[in-house]
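Student: Take a look at the following structure, please.
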Number of protein chains: 2
Amino acid sequence: MENISSNKSFGGWHKQYSHRSAVLNCDMRFAIYLPPQVSTGDTVPVLYWLSGLTCTDENFMQKSGAQAIAAELGIAIVAPDTSPRGDDVADDEGYDLGKGAGFYVNATQAPWNRHYQMYDYIVEELPALIEANFPVSGMRSISGHSMGGHGALTIALKNPLRYQSVSAFSPISNPINCPWGQKAFTQYLGDDKSQWPQHDASELMRNAQQFVPARVEQGNADQFLEEQLKPDTLTAAANASGYPLELNSHDGYDHSYYFIASFIEEHLRFHAVHMQP
Amino acid sequence: MENISSNKSFGGWHKQYSHRSAVLNCDMRFAIYLPPQVSTGDTVPVLYWLSGLTCTDENFMQKSGAQAIAAELGIAIVAPDTSPRGDDVADDEGYDLGKGAGFYVNATQAPWNRHYQMYDYIVEELPALIEANFPVSGMRSISGHSMGGHGALTIALKNPLRYQSVSAFSPISNPINCPWGQKAFTQYLGDDKSQWPQHDASELMRNAQQFVPARVEQGNADQFLEEQLKPDTLTAAANASGYPLELNSHDGYDHSYYFIASFIEEHLRFHAVHMQP
């Protein structure tokens, strides 16, 4: 693991690292925000942030305003990349497939299966790396935006004992029934749709038996609301299983980082409550 | 003036506009953040933010976290571009000259003088446009980063009656004695160095007779501190004239937007006090 940048920020540190990922079979970069509390020897809980299509580890760290609140609350934030990277990694011309669009699943289909194992990377390899190398407490929560909202919800729903809480902004809530999800799942998981529902937040929530506290923020002026995101399907799924989902709709807000920034404080405070020792 | 984007943000609106600039002789883009208070019919004061080398109207709006605080305080923020733009605008291969590097002066030398009149654009044309088209009160403050910190300080020092307060992050404080400034001033203002001090914050502050309240933030780990920024020269100038300058140094902070974000709240509260009706 190599430290490739460090910026003091709100009394703590924003740092980028590169490392060899055995799971992804390539070199990866992630960013971590370490709040000022770590300088006193405390361990801190970690929020994992999964970004959306086309993003890297940088978008959330630069645009969300989260570090101001994380510094106050004493929460570390880890922002991984959104796909495997490198010249030998399979890619596609579309912004919604290949690099920058890993969809947080383990690909089973060629040529994707050689590198695109983002589910295992996020659930297993990256937390192990973080917990071995930084002063963190082992308390984990997970959040994300759009494709990353899909990632956060599905990962928490499949691993309820690994996360204290989950949240999402504008998540792709029902990928098996939207163009982004169908395109990606066909390529990564194959034509056999029987494998798809295990990576669909609405399907998982409808059948959930163990609950992770969940909060979702959605803008009503989001240009992808009806065709790609489908929050009503997620709400119906939560109602069917009695899942403790708080889904808040906001008039006028769109799909941009301005929406995330406007409500990230509430999400961080939500996670902080659930990650208290 | 054409509205080219709108994003709801912290209950207000981030908007980008394009317009024809008569002063710059080209089409320009700027961004404005309108806080939620304007929706009740109030007029609000305006902070003009001047960005640094290579930036556009977008960097500060996306990365500073300022909108959260501006929404609370009821301050509009206007972020202009950093140079004239367009295919027929003179440019240079260096990042520190030409497009993205207007240095907030009126160029007198060819080929720059046809478009590079950023001083008049920031002092006269843009505020007139803003005050004719948005619900603003006429109270103005000005701030900026690096090259934009130079711009904010020199513009306020030359126009003490037009601004309620001025601030800067990591400003180029003595451009006539640093490589960035000498390169730009030679090109834009010419070899006759007698014209240079009127665009040098330290020179202006040393000779100031009318005072605008001024605050400067500087990181001690800034990679440009000694060679390009020279805050000690600015402090000496303020001491010589008795200028009310508050210059704060911060251990560990660098030249990045993480530094701006860490202290933008203090700057906005400083300006809000001085822009009270």
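Student: Let me know the shape class of region A:238-277, please: from the alpha-carbon gyration tensor, a ≥ b ≥ c as square roots of the eigenvalues, rounded when a/c is under 1.5, otherwise prolate if a/b is greater than b/c, or oblate.
Tutor: Oblate is the answer for region A:238-277, as a/c is 1.5 or above yet b/c matches or exceeds a/b.
Student: Net charge around B:Asn174, counting only other residues with Cβ within less than 12 Å of its Cβ (Lys, Arg = +1; Asp, Glu = -1)?
Tutor: Surrounding charge for B:Asn174 is -3.
Student: Show log10 I(q)/I(0) for chain B at q = 0.17 Å⁻¹, two decimals, from a solvent-free Debye sum over equal Cα scatterers.
Tutor: -1.41
Student: Against the empirical 2.2 N^0.38 Å scaling, what ratio does the C-alpha Rg of region A:161-277 come to?
Tutor: Dividing the Cα Rg of region A:161-277 by 2.2 N^0.38 Å gives 1.10.
Student: Also: Seen from all sides and averaged, what is the projected area of the convex hull of the Cα atoms in region B:93-234, in nm²?
Tutor: Result: a mean projected hull area of 9.0 nm².
Student: Can you compute the charge dipole magnitude of the protein assembly as shown about its Cα centre, using +1 on each Lys and Arg Cβ and -1 on each Asp and Glu Cβ, nothing else charged? Give it in debye, rounded to the nearest 20.
Tutor: That gives a dipole near 780 debye.
Student: Can you give me the pair-distance distribution of region A:171-229, C-alpha pairs, 5 Å bins, whole percents?
Tutor: Spelled out per bin, shortest first, that is 4, 17, 24, 22, 17, 12, 3.
Student: Now, a different point. Setting aside same-chain residues fewer than 8 positions from A:Lys183, which lysines have a Cα under 20 Å from its Cα?
Tutor: Within the straight-line cut-off, A:Lys183 pairs with A:Lys99, A:Lys193, A:Lys230.
Student: Roughly how many whole Å is it from the C-alpha centroid of region A:1-38 to that of region B:69-100?
Tutor: 30
Student: Between A:His19, A:Gln37, A:Met147, whose Cα lies farthest towards the positive end of the dipole of chain A when Lys and Arg beta carbons carry +1 and Asp and Glu beta carbons carry -1, centred on the Cα centre?
Tutor: Going by the Cα projections, it comes out as A:Gln37.
Student: Still on this model: Chain B: which residue's Cβ hugs the B-to-A rotation axis most tightly, distance rounded to whole Å?
Tutor: With distances in whole Å, chain B gives B:Gly65, 2.
Student: In whole Å, largest first, what are the principal axis extents of the Cα atoms in the protein assembly as shown?
Tutor: The Cα atoms of the protein assembly as shown stretch 77, 47, 43 Å along the principal axes, largest first.
Student: Give the separation of the Cα centroids, region A:150-216 to region B:223-261, in Å.
Tutor: Each part's Cα centre sits 49 Å from the other's.
Student: Please work out the FRET efficiency for the pair B:Ser18 and A:Ile176, using the Cβ-Cβ distance as r and a Förster radius of 45 Å; give the result to the nearest 0.05.
Tutor: Once rounded, the FRET efficiency stands at 0.65.
Student: Starting from the Cα gyration tensor of region B:197-258, multiply each eigenvalue by 5, take the square root, and state the resulting semi-axes largest first in whole Å.
Tutor: Each semi-axis is the square root of five times an eigenvalue, giving 23, 12, 9 Å.
Student: So what's the net charge close to B:Phe30: Lys and Arg +1, Asp and Glu -1, counting the other residues with Cβ under 13 Å from its Cβ?
Tutor: That sum, taken over residues with Cβ under 13 Å, equals -2.
Student: Along each principal axis of its Cα atoms, how long is region A:140-213 end to end? Whole angstroms, biggest number first, please.
Tutor: In descending order, the Cα extents are 34, 23, 17 Å.
Student: Same structure, new question: Run the dipole for chain B about the Cα centre, Lys and Arg Cβ at +1, Asp and Glu Cβ at -1, nothing else charged, and hand back the magnitude in debye, nearest 20.
Tutor: Computed about the Cα centre, the dipole is about 600 debye.
Student: Can you give the charge dipole size of region A:1-136 about its Cα centre, rounded to the nearest 20 debye, using +1 on the beta carbon of Lys and Arg and -1 on the beta carbon of Asp and Glu?
Tutor: The calculated dipole for region A:1-136 is roughly 340 debye.
Student: Rounded to the nearest 500, what is the 222 nm mean residue ellipticity of the protein assembly as shown from helices alone, with -39500 (n - 2.57) per DSSP H run of 4+ residues and division by all residues?
Tutor: Computed mean residue ellipticity for the protein assembly as shown: -8500 deg cm²/dmol.
Student: Would you list, by chain and number, the lysines whose Cα falls below 19 Å from the Cα of B:Lys8, excluding same-chain residues fewer than 8 positions away?
Tutor: A:Lys63, B:Lys63
No lab work stands behind these numbers, since they all come straight from the coordinates. Since the model is a prediction, treat every value here as computed from it, not as a measurement. Positions of Cβ are backbone-derived with ideal geometry, glycine not excepted, and every protein chain shown enters the neighbour counts.
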